[in-house]
Amino acid sequence: MVAASADEVSARLRAEGQFVFEIEASPLRTAPELDKKQIRRNEAAKRVRRDDVIALCTQLSVMLETGVPLAEGLDAFRRQMERAEFREVLEALCDDIDGGEPLSAAMQKWPRVFPGMVVSLMKASEASGTLATMLGRVGDYLAKERKTVKQIKGALAYPIFMMVAGLGITIFLVSFVLPRFAAIYEQRQASLPTPTRILLDISEFVTTQYLWYGPMLVATGLALFIWIRRRSGRQAMDWLRLNLPMLGSMYRHLYVTRAMRTMATLLAAGVNVLDVIDICRGVTDNIYYARLWDAMALGVREGRQVSDAIFDSDLVPPNVASMIAAGERSGQLPVVMEKIADFSQEELDAAVARVTVFIEPLMIVFMGILIGGVATALLLPIFQMGKVMSGG
């Protein structure tokens with residue numbers, strides 16, 4: 001606590017209902033020291049794993065339920081944390097809690113580590129005195145989110161890896177293997193098969209004209225990177241995510257699952273509806289869903305129901321909109337949204353399975369055509385090798 005004297009600290013603590021046993025004075029750190037420490041902590045926050053945050057919420061919830069004070073529980077978790085990056089964050093949290101700040105305010109300083117949804121839930125739980133329960137709920141929520149993200153990454157990682165591997169093998173064959181065959185045939189003045197000649201032309205271009213196509217590829221990649229970061233590029237990518245065959249269905253289920261689970265958790269904790277909508281904008285990082293949340297927020301301010309904007313949108317299935325409307329009429333909206341989230345999670349699991357089942361044979365066919373075509377072009381001259389070497 002920053003104050004002019006120990007008497008001021010004592011007076012402020014007594015006004016908060018605290019019993020003061022001892023006050024230890026220490027000089028304020030200078031601005032350069034604060035800046036260096038904050039820079040170090042910010043760098044550490046970038047490397048914090050979501051698993052560590054889940055463990056913190058789960059274990060802290062258990063400790064609080066068994067009567068352990070918040071500051072003591074945080075310090076105990078900090079001492080057992082092996083990862084230095086998260087230990088930096090925990091030390092800052094401990095310092096803020098010891099300085100009299102609530103947990104939500106301490107977490108709010110670390111947006112890279114604790115999402116806005118977590119901070120909002122902590123504020124609501126502090127007001128209602130349900131911090132231990134809410135920490136457990138946050139741990140469950142983050143664990144489900146981690147599972148969902150892993151599903152999506154797993155579904156996309158396989159085709160990306162296969163495509164990169166196929167292109168890499170093809171480039172290696174065209175750039176290093178094929179020219180050696182060309183040298184053999186040039187010495188014998190043999191006529192190469194048409195597929196081999198085509199690949200040789202490609203090989204010659206790749207190995208000799210890199211000063212032309214290299215900068216062009218870099219410039220094109222840089223232009224695409226800049227364009228994707230602009231609104232028009234983001235909108236195009238977001239449209240593709242929602243409309244690509246099979247992948248579009250997977251992303252739609254992902255966004256509905258995350259939004260419904262977030263809204264259910266926040267509304268059950270008593271968070272303001274407008275704040276809930278604003279947080280949902282962050283968990284569904286898509287321009288088209290952002291428009292849905294804007295329309296929903298505008299409708300709520302005008303006194304309309306949450307379901308009205310959903311009925312007017314094609315981003316949420318009609319059956320989901322009907323269930324939300326029923327939940328509003330019955331006053332059980334958080335419960336209904338939690339059920340919708342579970343249902344959407346099952347649909348997401350099925351969509352991920354369909355994508356995986358479909359992509360695996362597709363990538364096998366792609367690899368077979370790509371590498372098989374190159375291998376065929378390499379083997380055709382070998383079939384004529386005896387004739388060539390004998391001078392026929």
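Structure notes:
- From the coordinates shown, volume of the Cα convex hull per residue in Å³ corresponds to which of (i) 114; (ii) 222; (iii) 123: (ii)
- Cα-centred dipole magnitude for the stretch 242-366, charges only on beta-carbon of K, R (+1) and D, E (-1), debye, nearest 20: 60 debye
- In terms of the mean number of neighbouring beta-carbon atoms within 10 Å, the peptides 203-216, 261-274, 112-125 order highest first as 112-125, 261-274, 203-216.
- Largest GNM mean-square fluctuation among Asp349, Asp238, Asp98, using the chain with Cα springs under 10 Å: Asp98.
- Computed from label points 7 Å out along Cα-Cβ, the spacing between Lys147 and Leu211 is 5.8 nm.
- Extreme residue, positive dipole direction of the chain, given options Val20, Gln151, Thr207 (C-beta unit charges): Thr207
- Pairwise FRET efficiency - Phe383 versus Ile287, Cβ, R0 = 41 Å, nearest 0.05: 0.15
- Taking the chain as the region of interest, the number of lysine pairs whose Cα atoms are within less than 27 Å, with members eight or more places apart or on different chains, is 23.
- Choice from Arg49, Arg230, Arg354 showing the highest fluctuation, given a GNM over the chain with Cα pairs closer than 10 Å: Arg230
- Residue separation of Arg180 and Thr376 scaled by 0.36 nm, minus their Cα-Cα distance, works out to 69.0 nm of gained length.
- The helix-based estimate of mean residue ellipticity at 222 nm for the chain, built from -39,500 (n - 2.57) per DSSP H run of four or more residues and divided by its residue count, is -26500 deg cm²/dmol to the nearest 500.
- Convex hull volume of the Cα atoms of the stretch 262-333, normalised per residue: 81 Å³.
- Binning the alpha carbon pair distances of the stretch 291-392 at 10 angstrom intervals from zero yields the distribution 13, 23, 16, 12, 10, 9, 7, 6, 3, 0, expressed in whole percent.
- Among the helices of the chain, those built from whole DSSP H runs whose Cα atoms reach 30 Å or more along their own axis and whose mean Kyte-Doolittle hydropathy is at least 0.0 are 131-172, 247-268, 333-383.
- Dipole-positive endmost among Gln345, Leu60, Leu173 within the chain (Cβ charges, Cα centre): Leu173
- For the peptides 220-228, 86-94, 153-161, the ranking by mean Cβ contacts within 10 Å, running from highest to lowest, is 86-94, 153-161, 220-228.
- Fluctuation leader among Arg146, Arg301, Arg78 - the chain, Gaussian network, Cα springs under 10 angstrom: Arg301
Each value in this text was obtained by applying a stated rule to the coordinates, not by laboratory testing. Everything numeric here is computed off the predicted structure, so don't read it as measured data. For neighbour counting, all protein chains shown are included, and Cβ atoms are generated from backbone atoms with ideal geometry for every residue, glycine included.
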